[in-house]
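For reference, the structure is listed below as structure tokens.
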Amino acid sequence: MNLQKNSSMRIITWNVNGLRAALRKGFMDHIKALNPDVILLQEIRVLPEQLSVSARNPEGWHVIWHPAERKGYAGTAVWSRTPLNEEERGVGGADSEGRILRVSTLGIQFVSVYLPSGSSGDERQAIKECWMDRFRLWADGMVKKRVPTIMGGDFNIAHTERDIFYARSNEKNSGFLPHERAWMGDLIASGWRDFTREQYGDIQGPYSWWSNRGRARELDRGWRIDYLLGNAAAAKRVQFARVDREGGLTISDHAPVVVDLK
């Protein structure tokens, strides 16, 4: 895939599955190759004070951290080449797991999103659905804003059968439940543009997450649960969107999702 940058701004979202491990596996080298201007990170699983000074304050980057209170769990962050303004944490309530971080720079709002997974059982699924309700109310207000707004992150939901390799066998599993898929469809129908799907059209995939079991990565049998979504003002500026499957999968079980703006 050609990811040569010919745009005024490149945004990536990436669930790194633990930032400290990602750093050891070559995260910074891959970021250099991608050459983004804004990075929306999820599942950092680290407190800033647990990082080295160079990782906590990476050269050439402005960073806002939103870690979970619980060590080694969840958390989001935003890195930017230009100074950031912090706008909001959470969606109108407590956010002890560091799930939502909204910032702004250069007249654009960016939101790093890490919605909960419900795959571990009924209790976590109930928490996920509570988050979905709160998030949707918040997103309905954000999508109407005139300022360009981009949400990027791991939504832990595959929207349609095009977004998951084993659709039929996962119909009763968290992440592909009928009401979750309907929720994602309603979110997009409300005005949030799915940049990756619009770029790729009506094809199977591209996937952004693969199980560590078996040969899922090798055979490209995954899920598309990582999204870059934007309101109408942001959509006017989109040039290009891709899932960066090459390189990123040596670092995380998720691939970076990339969008270029003009």
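Only the coordinates and a few stated rules stand behind these numbers; no lab work does. These numbers come from a predicted model, not from an experiment. A quick note on method: Cβ atoms are made from the backbone with ideal geometry, for glycine too, and the neighbour counts reach across all protein chains shown.
Here are a few things to note about the model shown:
- Shape of the range 170-262, Cα gyration tensor, a/c cut at 1.5: oblate
- Lysine pairs meeting the criterion (Cα under 27 Å, 8 or more apart or interchain), as found in the chain: 16
- For F240, the residues whose modelled amide H falls within less than 5 Å of its own, excluding neighbours fewer than 5 places apart on the same chain, are D260.
- Each residue of the range 143-148 was assigned a 3J(HN,Hα) from its phi angle through the Karplus curve 6.51 cos²θ - 1.76 cosθ + 1.60 (θ = phi - 60°); the sequence is 5, 7, 5, 6, 6, x Hz, with glycine and proline shown as x.
- Residues with amide H under 5 Å from that of I150, placed H, sequence gap 5 or more: Q109, F110, V111
- Taking a sphere under 15 Å around the Cβ of R162 and counting the other residues whose Cβ falls inside, with K and R at +1 and D and E at -1, yields a net charge of -3.
- Alpha-carbon centroids, the range 105-120 and the range 212-262: separation in whole Å: 14
- Extending 7 Å from Cα along the Cβ direction at M28 and again at N85 yields two label points whose distance is 3.1 nm.
- Taken one residue at a time, the phi angles of the range 98-104 give Karplus couplings (6.51, -1.76, 1.60, θ = phi - 60°) of x, 8, 9, 9, 10, 9, 9 Hz. Gly and Pro are set to x.
- Three-way shape call for the chain based on the alpha-carbon gyration tensor, with the a/c threshold at 1.5: rounded
- E88 long-range amide H proximity, modeled H, under 5 Å: R102
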